[in-house]
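None of the figures in this text is laboratory data; all of them are computed from the coordinates on show. Keep in mind the model is a prediction, meaning the values are calculated, not measured. Neighbour counts run over all protein chains shown; Cβ positions are idealised from the backbone, glycine included.
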Amino acid sequence: MSDFKFSTEPFLDSDQAAAILRIHPKTLQRLARHGRVIGYRVGKLWRFHRSDLEGRNDGFVSTLDSDTAERYALSTTRARN
């Protein structure tokens, strides 16, 4: 049997979901691709449920491995300069 549960909760797009976590949408998509965040691929698009993201921003930075955190820090530094 499948563990799939039908949900009537609306989906968020990458921009909306990333705003909740306060990260860049591409970072969120990469985390979903690697299974670090629950996301649903619909064609080329990623969709997320708010309930799957809640609580993620409490210790979110600690869930990033050091390499990803370093790349993210470098990319945001370059973007500001």
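Taking amide hydrogens as placed 1.01 Å from N in the peptide plane, the amide H of Trp46 sits under 5 Å from those of Ser14, each at least 5 positions away in sequence or on another chain.
By the count of other C-beta atoms within 10 Å, a proxy for reagent exposure, Thr27, Thr8 are ordered fewest to most as Thr8, Thr27.
Calculate, in nm to one decimal, what Thr8 and Lys44 gain on full extension: separation in residues at 0.36 nm each, minus their alpha carbon distance. Intermediate results must be reported in sequence, preceding the final value.
On the way: separation 36, 0.36 × 36 = 12.96 nm, distance 2.22 nm.
Gain on extension, Thr8 to Lys44, equals 10.7 nm.
Applied to the stretch 12-24, the Karplus parametrisation 6.51 cos²θ - 1.76 cosθ + 1.60 on θ = phi - 60° returns per-residue 3J(HN,Hα) values of 9, 7, 4, 5, 5, 5, 5, 5, 5, 8, 6, 10, 6 Hz, with x for Gly and Pro.
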